[in-house]
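Notes for the one structure printed next.
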Amino acid sequence: MDAYPQWNETPPETLPALLETAAARFVARPALWFMGRRWTYRALGEAVDRIAAGLQRAGVGPGVKVGLCLPNTPYSVMFYFAILKAGGVVVNYNPLYVAREIAGQMADSETAIMVVPDLARLVGPVLEAGAKRVILCPMRGILPPWKAFALYTLRRKEIARPRDGRIIPLAALTAGVGQPARVSVGASDLAVLQYTGGTTGVPKGAMLTHANLLACMRQTLACAPEVKPGEERVLAVLPLFHVIGMTVLMNCSAQIGAEIILLPRFSIDEVMRTIKQTRPSIFPVVPTIVTAVLAATATHGAEDIASIRMWIGGGAPFSEELCKRLKALTGLQFIEAYGLSETSGASASNTTFSPIKPGSVGRAVPDTTIEIRDPEHPERRLGVGEKGEICIRGPQVMMGYWKRPEETARAFIDGVLRTGDIGYLDEDGYLFLVDRLKDVILAGGYNIYPRIIEEALYRHPAVAEAMVVGVPDAYRGEAPKAFVVLRPGEQVGAAALLAFLEGEISKIEMPREIEIRASLPKTAIGKLAKKELQAAERTRHAG
Ligand code: AMP
């Protein structure tokens with residue numbers, strides 16, 4: 001099997017050092033593109049320094065948690081590196097979350113300050129969630145002048161102008177600051193709290209260190225050694241608040257001086273327009289994006305996407321058919337990877353230089369061991385071709401879960417991370433995924449935890465029993481469907497339950513359907529039999 005190339009540059013020890021090196025090395029090269037505006041690496045470095053100094057003045061230092069609650073914008077990148085440079089810890093929030101979800105994560109992580117753009121739909125939930133201090137970042141600071149004018153006049157209702165003592169406008173944060181003070185942050189210090197349901201569905205923060213994230217960055221780059229420093233343009237439509245985006249789009253880009261083309265949300269028309277306009281060379285994707293691009297090329301034409309030389313992705317299963325269709329259109333082999341929040345990004349990956357085996361997510365990335373263990377007796381390692389729980393050891397694996405020693409202990413066996421995914425290794429070390437032990441629905445690249453939806457349903461006074469399963473979905477791969485049993489005498493309908501859920505869970509978690517039943521299947525000991533219901537749904541969809 002082909003070996004990984006040697007890494008012949010001195011790697012940075014911390015994430016702020018990564019960006020400082022990039023700013024010094026790629027100076028006038030474009031770093032960020034947003035809605036037609038560009039920032040060079042020098043400008044990005046200067047913005048990071050200013051914000052870091054402002055954050056320090058506001059009390060951010062070692063161990064202080066700062067929450068990022070932003071769609072992909074230049075502020076995401078600036079604040080990510082600035083928080084770390086100030087010595088603080090980044091807590092990533094999904095900006096689609098409702099106030100209740102944000103409040104839970106803020107309390108658990110002990111977030112001291114939240115960062116949001118001045119968009120009403122994002123500021124509202126953060127204030128409602130009880131944030132103590134909120135840094136408000138004006139969209140006019142990052143949009144081209146005419147787009148800013150349109151937003152602040154024609155669509156001014158979308159802009160938040162809160163009169164609230166907790167708000168710190170960005171301009172006030174950075175007014176009159178000098179250089180940030182040097183803080184002693186080391187490779188083994190906590191850098192990011194990455195919230196995930198893990199194998200249990202209870203939201204918890206995977207503790208990722210500077211060393212974890214930088215290891216994952218090097219491992220990812222080792223899979224594509226032909227990327228050209230200072231010449232790549234990476235299309236950033238995957239969210240930067242998820243590990244794939246954080247590692248591939250931000251950290252790898254800073255290492256190779258790539259331009260990050262930021263799109264705040266996925267709309268296929270916007271994606272196709274942006275590809276034509278900015279000519280990206282690398283496109284990290286989830287399966288739904290590939291499906292949409294393939295459909296769009298029927299009208300837009302394949303030459304529009306000819307600038308893309310590398311299609312890479314992970315997070316959800318890419319069918320062989322999808323990869324084949326992409327290859328037929330572009331002539332390019334899709335590079336699929338597999339990883340988790342707990343591993344900072346990819347831990348197994350295909351490469352640009354090794355043969356690709358259909359249906360496999362590739363081999364372990366450098367310095368990484370993948371073991372297959374018996375899920376019932378995890379101390380027992382299984383052999384080639386045997387299916388079992390995928391377990392990972394490597395420098396990218398988290399320190400543990402924030403403030404959850406018991407869950408951390410359960411997540412490891414002999415120092416190896418248990419992923420909750422089932423797979424096998426072939427004789428060449430290629431990993432094949434076959435199933436999941438954990439109760440999670442992979443919907444278009446987002447992880448949806450049935451437990452969150454079930455708990456929300458149980459908060460409705462008419463609900464006696466609730467169960468949520470993933471059902472096949474032509475576009476998203478899987479989508480959540482809820483089954484509900486009502487309390488005796490209750491009459492509420494599915495539409496009313498869906499309306500109730502709107503205030504409880506985010507849009508992406510909304511069940512595609514709620515079916516009200518007289519009873520739900522139970523196991524011999526009376527537990528709700530989820531597997532049974534799921535199998536029945538799959539058969540129904542297949543038929
Ligand atoms: P997250 O922590 O959100 O990154 O989700 C990690 C989970 O996504 C893994 O444990 C897998 O269940 C799933 N996953 C990641 N990559 C892939 C892939 N290439 N194919 C199928 N499932 C994947």
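The relative contact order of the chain comes to 12 percent, based on Cα pairs under 8 Å that sit 6 or more residues apart.
Taking only the C-alpha atoms of segment 12-186, Rg followed by Dmax gives 15.8, 47 Å.
Going by how many other Cβ atoms sit within 10 Å of their own, how do V384, V90 line up, fewest first?
Placing the least packed residue first, the sequence is V384, V90.
Calculated on the Cα set of segment 441-542, radius of gyration then Dmax: 13.2, 40 Å.
Which helices count as membrane-span-like in the chain under these terms: full DSSP H, at least 30 Å along the axis by C-alpha, Kyte-Doolittle mean of -0.5 or more? Length and hydropathy pass: none found. Exposure proxy for K530, K357: other Cβ atoms within 10 Å of each Cβ, ordered fewest to most, give K357, K530.
Calculate for the chain the 222 nm mean residue ellipticity that helices alone would give, adding -39,500 (n - 2.57) per DSSP H run of length 4 or more and normalising by residue count, nearest 500 deg cm²/dmol.
-9000 deg cm²/dmol, from helical runs alone.
If the chain linking R25 and T369 were pulled fully straight, counting 0.36 nm for each residue of separation and taking away their Cα-Cα distance, it would gain 120.5 nm.
Which FRET efficiency, nearest 0.05, do A3 and E490 yield, Cβ-Cβ r, R0 51 Å? Once the sixth-power term is evaluated, E becomes 0.20.
What does the C-alpha gyration tensor say about the overall shape of the chain? Classify as rounded when a/c is under 1.5, otherwise prolate if a/b is larger than b/c, or oblate.
Here the chain falls in the rounded category.
Whole angstrom only: what separates the Cα centroid of segment 479-543 from the Cα centroid of segment 330-405? Using only Cα atoms to place each centre, the spacing works out to 32 Å. Mind running the shape call on segment 22-69? Use the C-alpha gyration tensor, a ≥ b ≥ c as the square roots of the eigenvalues: rounded below 1.5 for a/c, prolate if a/b tops b/c, oblate otherwise. Prolate, because a/c is 1.5 or more and a/b exceeds b/c. Beyond 20 Å in Cα-Cα separation lie the following of the pairs K438/K507; K438/K481; K204/K530: K438/K507; K204/K530.
Among K85, K531, rank each residue by its count of other Cβ atoms within 10 Å, from fewest to most, as a rough exposure measure. Intermediate values should be presented prior to the final figure.
Details: K85 28, K531 11.
In increasing order of surrounding Cβ atoms, one gets K531, K85.
Taking a straight Cα-Cα cut-off under 22 Å and skipping sequence neighbours fewer than 8 places away in the same chain, the lysines within cross-link reach of K324 are K357.
Taking every DSSP beta bridge that has both ends in the chain, the antiparallel portion is near 60%.
For segment 317-476, what does the alpha-carbon gyration tensor say about shape, rounded, prolate or oblate, given a ≥ b ≥ c as the root eigenvalues, a/c under 1.5 as rounded, and a/b over b/c as prolate? Oblate.
Each value in this text was obtained by applying a stated rule to the coordinates, not by laboratory testing. Here the structure is a predicted model, which is why all the values come from computation and not from measurement. Using ideal geometry, Cβ is built from the backbone for each residue, glycine included, and neighbour counts are taken over all protein chains shown.
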